[in-house]
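Rule-based calculations on the coordinates, nothing more; no lab input. Note that the structure is predicted; figures quoted are calculated from it, not measured. All Cβ positions, glycine included, derive from the backbone under ideal geometry; neighbour counts span all protein chains shown.
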Amino acid sequence: MTDTLRTGLFTGLVVLLIVGTGVLDNWNLALIIVNYGLISAIMALGVNLQWGLAGLFNVGVMGFVALGGLASVLISMPPVPEAWSAGGVQVLGALAFGLAVIVALVASYKRTSGRLRAGLMIVLMIAGFFIFRSIFDAGVAAIESVNPASTGFLGGLNFGGDSGRDWPWIVVIGWPVGGLLAAGAAWVIGKTALGLRSDYLAIATLGIAEIIIAVLKNENWMSRGVMNVIGLPRPVPYETDLQADPGFVEAAANLGVDPVTASTISVKLAYSGLFGVFLIVLLILAQRALHSPWGRMMRAIRDNEVAAEAMGKDVTRRHLQVFVIGSAICGLAGAMMTTLDGQLTPAGYQPLRFTFLVWVMVIVGGSGNNFGAALGGMLIWWLWVAVGEYGPDLMVWATSALSDDSALRQSLVDSAPQMRFLVMGTVLLLILRFSPRGILPEK
């Protein structure tokens with residue numbers, strides 16, 4: 001079977017599953033799968049660049065996705081003037097002071113030596129810490145005391161009115177900003193962790209991702225922590241606005257569709273168009289990078305680091321490049337997902353969904369193949385949603401031979417939502433057994 005035919009069949013299967021969901025169930029569910037599937041495909045593309053192209057085992061995907069979500073909030077939400085007046089300047093001043101202390105520590109380390117270096121650094125660290133905390137904590141307490149039930153944080157940079165609806169385009173600007181924020185964090189992580197062996201790199205990236213989530217959960221002044229940020233502005237129309245538009249209502253009536261259903265489908269289609277454009281652009285860029293001299297060099301480093309280094313290639317620098325690029329793509333996807341959800345929920349960033357599931361997408365689709373990773377993201381997300389949606393009904397049917405008061409039947413029906421994990425594991429094992437290089441292997 002040729003690669004083109006295999007790709008066409010894989011694409012046809014994904015399209016058939018999604019269209020079948022729309023025809024047999026409902027189109028709203030099908031479009032939800034499409035939107036989250038497109039975002040998952042972008043995440044898988046970022047991980048595929050790191051693993052499939054460079055062999056970097058990054059299991060901290062969750063942290064970069066969360067940073068993208070935070071960027072979406074910081075860019076798209078309107079500011080909270082009362083919080084800024086209460087302690088915003090104080091918090092920014094404390095952060096600037098902390099940065100100055102770090103710079104002073106670095107300068108002291110470089111320009112002094114012996115006991116003078118040790119004593120100076122100890123004094124700077126202790127004094128800097130207590131001064132920083134005294135300024136920072138007071139500012140944070142003032143910010144979080146401002147209407148904590150609904151705000152209690154600084155907000156964002158969307159100055160287009162209280163609702164942010166006057167500047168809907170700023171939401172889309174927040175997506176690449178999410179990529180830049182994740183890229184900056186990846187650069188810091190890469191400078192310290194990329195010299196580690198693959199298994200230690202995995203442990204380091206997972207630990208750093210957990211630290212990022214812990215910060216988002218606890219720094220209420222920035223992300224409202226576990227109280228969540230809700231009501232994020234959209235780059236597409238609101239359903240209520242469409243339903244209030246006489247022209248839209250008339251067009252829906254001419255098509256024989258209820259205006260409410262038509263509005264929800266129209267909004268989801270608009271999101272699909274935006275996400276699809278970003279995915280297509282990223283796929284084109286990833287393919288050009290794969291077939292460029294840079295891409296061939298990265299694959300040579302992946303296959304034999306010692307030989308590549310002997311040929312004069314700076315392995316660590318190239319690893320840092322691709323690590324930053326892949327993490328930026330994951331951050332971009334995280335910003336898009338937060339916009340689609342309409343809220344930032346730090347407690348919802350679970351390693352199972354944002355790390356394990358993305359890795360399953362890459363492995364099933366085909367590591368090293370950009371189209372395979374993207375299609376694997378769509379397929380696995382459809383499977384994840386389908387099992388959760390239809391698993392309980394399937395379990396009820398499978399246990400229909402048992403009596404209604406059977407403890408075994410009740411236990412199986414109650415545990416039906418956990419079938420997702422069983423199905424994901426089974427799919428992964430089958431792929432590794434019969435097609436270890438994925439459905440669309442690397443050429």
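Quote the FRET efficiency, to the nearest 0.05, computed for Leu196 versus Asp341 with a Förster distance R0 of 22 Å and r equal to the Cβ-Cβ distance.
On the way: r = 34 Å, r/R0 = 1.53.
That gives a FRET efficiency of 0.05.
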Evaluate the charge dipole of the range 80-154 about its Cα centre and quote only its size in Debye, nearest 20, assuming +1 on the Cβ of each Lys and Arg and -1 on the Cβ of each Asp and Glu. 660 debye
Stretch Ser134-Ser406 to full length: gain in nm at 0.36 nm per residue minus the Cα-Cα span? 91.8 nm
Whole-Hz couplings from phi, Karplus 6.51/-1.76/1.60, listed for the range 35-42; x for Gly and Pro: 5, 5, x, 5, 5, 5, 5, 5
Dipole of the chain [Lys/Arg +1, Asp/Glu -1 at C-beta], most positive-end residue of Ser367, Leu274, Ala244: Ser367
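How do the peptides 402-409, 414-421 rank, highest first, by the average count of neighbouring beta carbon atoms within 10 Å per residue? Present the calculation step by step, with values, prior to reporting the outcome.
Details: 402-409: 11.0, 414-421: 14.5.
So the order, starting with the most tightly packed, is 414-421, 402-409.
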Ascending count of other beta-carbon atoms within 10 Å, so fewest first, for Trp175, Trp84, Trp169: Trp169, Trp84, Trp175
Projected onto the charge dipole of the chain (unit charges on the beta-carbon of Lys, Arg, Asp and Glu, signs +1, +1, -1, -1), the Cα from Ile126, Gln287, Thr4 with the largest positive-side position is that of Ile126
Counting only C-alpha contacts under 8 Å and six or more residues apart, can you give the relative contact order of the range 333-414 as a whole percent? 15 percent
If amide hydrogens are placed 1.01 Å from N in the peptide plane, which non-local residues have theirs closer than 5 Å to the one on Gly155? Val80
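Evaluate the charge dipole of the chain about its Cα centre and quote only its size in Debye, nearest 20, assuming +1 on the Cβ of each Lys and Arg and -1 on the Cβ of each Asp and Glu.
On the way: 26 positive and 26 negative charges, 450 e Å.
Value, rounded to 20: 2160 debye.
Take every Cα pair under 8 Å in the range 80-154 that's 6+ residues apart, average their separations, divide by the length, and report that relative contact order as a whole percent. Show your work: numbers first, answer last.
Values: 68 pairs, mean separation 40.7, N = 75.
Dividing the mean separation by the residue count of the range 80-154 yields 54 percent.
Can you list which of the chymotrypsin sites (Phe, Trp or Tyr not before Pro) found in the range 203-250 are DSSP loop residues with at most 16 other C-beta atoms within 10 Å?
Working: sites: Trp221, Tyr238, Phe248; in loops: Tyr238.
For chymotrypsin sites (Phe, Trp or Tyr not before Pro) across the range 203-250 that sit outside H, G, I, E and B with at most 16 neighbouring Cβ atoms in 10 Å, the list reads Tyr238.
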Rg(Cα) / (2.2 N^0.38 Å) computed for the range 80-154, rounded to two decimals: 1.44
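What is the chain by shape, rounded, prolate or oblate, if you read a ≥ b ≥ c off the alpha carbon gyration tensor as root eigenvalues and call it rounded for a/c under 1.5, prolate for a/b larger than b/c, and oblate otherwise? Intermediate results must be reported in sequence, preceding the final value.
Working: a/c = 1.76, a/b = 1.22, b/c = 1.44.
It comes out oblate by the Cα gyration axes.
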Taking amide hydrogens as modeled 1.01 Å from N in the peptide plane, which residues meet the under 5 Å criterion relative to Val229, leaving out close sequence neighbours? Leu344
Karplus (6.51, -1.76, 1.60) ³J(HN,Hα), θ = phi - 60°, over the range 77-85, in Hz, Gly and Pro reported as x: 7, x, x, 9, x, 5, 5, 5, 5
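Would you kindly state how much longer the chain becomes between Ala107 and Phe421 on full extension, computed as 0.36 nm times their sequence separation minus their alpha carbon distance, in nm to one decimal? Walk me through the numbers on the way to the answer.
Values: separation 314, 0.36 × 314 = 113.04 nm, distance 5.08 nm.
Taking 0.36 nm per residue and subtracting the Cα distance, the gain is 108.0 nm.
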Determine the calculated [θ] at 222 nm for the chain from helices alone, applying -39500 (n - 2.57) to every DSSP H run no shorter than 4 residues and normalising by the residue count; nearest 500 deg cm²/dmol. -24000 deg cm²/dmol
Distance between the range 409-443 and the range 198-242 - C-alpha centres, whole angstrom: 28 Å
Mind checking which of Leu232, Met222, Ala307 is farthest towards the positive end of the range 208-324's charge dipole, using Cβ charges of +1 (Lys, Arg) and -1 (Asp, Glu) about the Cα centre? Ala307
Arg117: net charge of surrounding residues, Cβ under 11 Å, Lys/Arg +1, Asp/Glu -1, itself excluded? +3
In whole Hz, what ³J(HN,Hα) sequence does the range 406-420 give by Karplus (6.51, -1.76, 1.60; θ = phi - 60°), x for Gly and Pro? 6, 5, 5, 5, 4, 5, 5, 5, 5, 8, 4, x, 6, 4, 3
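Going highest first, how would you order 253-263, 313-323 by mean Cβ packing within 10 Å?
Working: 253-263: 13.7, 313-323: 17.8.
Top to bottom by mean Cβ count within 10 Å: 313-323, 253-263.
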Would you look at the GNM of the chain, springs on alpha carbons closer than 10 Å, and say which of Gly52, Gly295, Gly12 moves the most? Gly12
Taking Lys217, Lys268 and counting other beta carbon atoms within 10 angstrom, the fewest-first order is Lys217, Lys268
Label points 7 Å out from Cα along the Cβ direction at Glu442 and Thr316: separation in nm? 2.4 nm
